1. Rounded to the nearest 20 debye, what is the charge dipole size of the stretch 228-326 about its Cα centre when +1 sits on each Lys and Arg Cβ and -1 on each Asp and Glu Cβ?
2. What distance in nm separates the two pseudo spin-label positions at residue 171 and residue 228, each 7 Å out from Cα along the beta-carbon direction?
3. For the cross-link pairs 42/302; 213/320; 169/213; 169/320, which exceed 31 Å when the distance is taken from alpha carbon to alpha carbon?
4. Where the centroid of each part is defined by its Cα atoms, how far is the stretch 380-408 from the stretch 121-156 in Å?
5. For the pair residue 256 and residue 205, what calculated FRET efficiency results from E = 1/(1 + (r/R0)^6), where r is the Cβ-Cβ distance and R0 = 56 Å, to the nearest 0.05?
6. Determine the dipole magnitude for the chain: charges of +1 sit on the beta-carbon of Lys and Arg, -1 on that of Asp and Glu, nothing else is charged, the reference point is the Cα centre, and the result goes in debye to the nearest 20.
7. Which residue, 68, 400, 271, has the largest displacement toward the positive end of the dipole of the chain when charges sit on each Cβ (Lys, Arg +1; Asp, Glu -1)?
8. Would you please name the trypsin sites (Lys or Arg not before Pro) within the stretch 5-36 that are DSSP coil residues with at most 12 other C-beta atoms within 10 Å of their C-beta?
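The values are calculated or read from the model by the stated rules, or taken from the named source; none is laboratory data. Given the structure is predicted, the values throughout are model-derived calculations rather than measurements. Please note: Cβ atoms are built from the backbone with ideal geometry, for glycine as well, and neighbour counts cover all protein chains shown. The accessibility values were calculated without ligands, DNA or RNA, using every heavy atom of the protein model including side chains. Shrake-Rupley method; radii C 1.70, N 1.55, O 1.52, S 1.80 Å.
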Amino acid sequence: MAAPLVLVVLVAVTLRAALYRSSLAAFISERVEVASPLSAWKRVVEGLALLDLGVSPYSGAIFHETPLIIYLFHFLIEYAELVFMVSASGNLWSFSLVQFKKQKLLIELDKYAPDVAELIRTPMEMHYIPLKVALFYLLNPYTVMSCVAKSTCAINNTVIAFFILATIKGSAFLSAVFLALATYQSLYPVTLFAPALLYLLQRQFIPIKPKSKSFWLYTMQYAALYLCSLVVIICLSFFLLNSWDFIPSVYGFILSVPDLTPNIGLFWYFFAEMFEHFSLFFVCVFQINVFFYTIPLAVKLKEHPVFFMFVQLAIISIFKSYPTVGDVALYMAFLPVWSHLYRFLRNIFILSCVLIVCSLLFPVLWHLWIYAGSANSNFYYAITLTFNIGQILLISDYFYAFLRREYYLTHGLHLTRQDGTEAMLVLK
């Protein structure tokens with residue numbers, strides 16, 4: 001396992017180093033699919049220039065990253081490429097997923113039907129999960145482009161990856177700290193609090209029951225760790241800048257969506273056409289999508305927090321205000337973990353083709369709109385809408401496959417009616 005993994009890392013690093021030295025680096029860094037107003041490297045450079053002049057980087061409307069990011073690159077600007085290549089190694093969290101699967105299997109083996117042996121993954125299949133995750137993450141074109149463009153999304157992904165690793169390992173303290181860092185960076189990861197808490201409760205064998213005293217005690221402990229970590233990070237940012245200007249410039253910018261630069265998200269076109277009078281209402285409606293699904297998913301998937309985390313990451317990447325392909329790459333790194341669901345997926349080939357074709361058409365339609373003048377914004381938003389619908393259907397397909405497999409595990413593969421004839425499973 002170690003040798004193939006090292007080979008994958010070497011190939012990934014070599015590919016990124018070659019692209020950094022090529023003429024494609026400048027082209028990729030300008031792509032709106034790769035760099036958003038929040039994560040674009042040129043905006044970080046602009047913020048650094050203002051900081052060097054003794055001016056607050058948040059005094060204008062250019063820089064919207066967090067203070068910790070700007071001070072990180074203030075000291076490491078000469079090694080920026082190395083920082084992004086190191087951050088691309090966020091797939092290390094995958095090593096602990098095998099331990100989770102084995103633990104879950106041993107706990108629930110007696111609950112499974114006797115004829116579902118073919119649905120249980122073998123140790124050999126689980127052994128290769130880390131390598132598959134490394135391939136999906138490090139060699140994913142979305143990840144490569146984010147790294148080459150020096151999009152700060154790559155750093156956000158690394159923080160989330162370490163949060164997942166800490167959670168899977170059962171470290172409540174590190175999990176809360178990295179979740180606070182992820183929330184501090186981009187706000188939306190606050191929704192990952194629920195799956196992390198559910199997993200930690202499960203690992204501690206604490207029943208997930210509202211009437212349980214131990215449930216509320218552990219929940220309050222984890223929430224206190226998270227909130228204290230977040231307060232400490234925000235206060236540290238204040239002491240670095242001696243100002244609270246970063247709060248409206250970062251979090252106000254994320255929530256109010258004032259910059260309507262085209263991207264792969266759902267916000268920009270809709271609000272470019274929206275009357276100003278109605279914009280506040282519809283901003284609230286759009287923003288609530290990221291948070292709305294957390295409670296029903298927590299109820300439905302309370303016994304499966306890792307899959308809940310996967311779905312929640314996908315929801316964030318689809319419905320956040322300024323998404324990039326780097327956000328998509330993060331949840332796609334999870335797909336090999338659910339390879340045992342492939343037999344139950346209904347539209348995986350069609351949806352894969354949709355996502356690939358959309359990815360290829362993004363620069364084509366952008367060129368026709370901006371440079372050739374033979375198209376307009378409707379064309380580009382149409383392909384953006386198709387891309388996001390493809391993601392939604394992909395996650396829905398995986399959700400359906402997961403629920404179907406869980407049903408078979410409990411009731412058996414060969415379902416029969418009361419009269420003894422074969423039955424067909426229909427999920428509604």
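1. Working: 3 positive and 5 negative charges, 75 e Å.
That gives the stretch 228-326 a dipole magnitude of about 360 debye.
2. Here the modelled spin labels are 1.7 nm apart.
3. Working: 42/302 42 Å; 213/320 35 Å; 169/213 24 Å; 169/320 28 Å.
The answer is 42/302; 213/320.
4. 20 Å
5. So the FRET efficiency works out to roughly 0.80.
6. 1120 debye
7. So the residue furthest toward the plus end is 400.
8. Here the trypsin sites (Lys or Arg not before Pro) that fit, given the DSSP loop and packing criteria, are 21.
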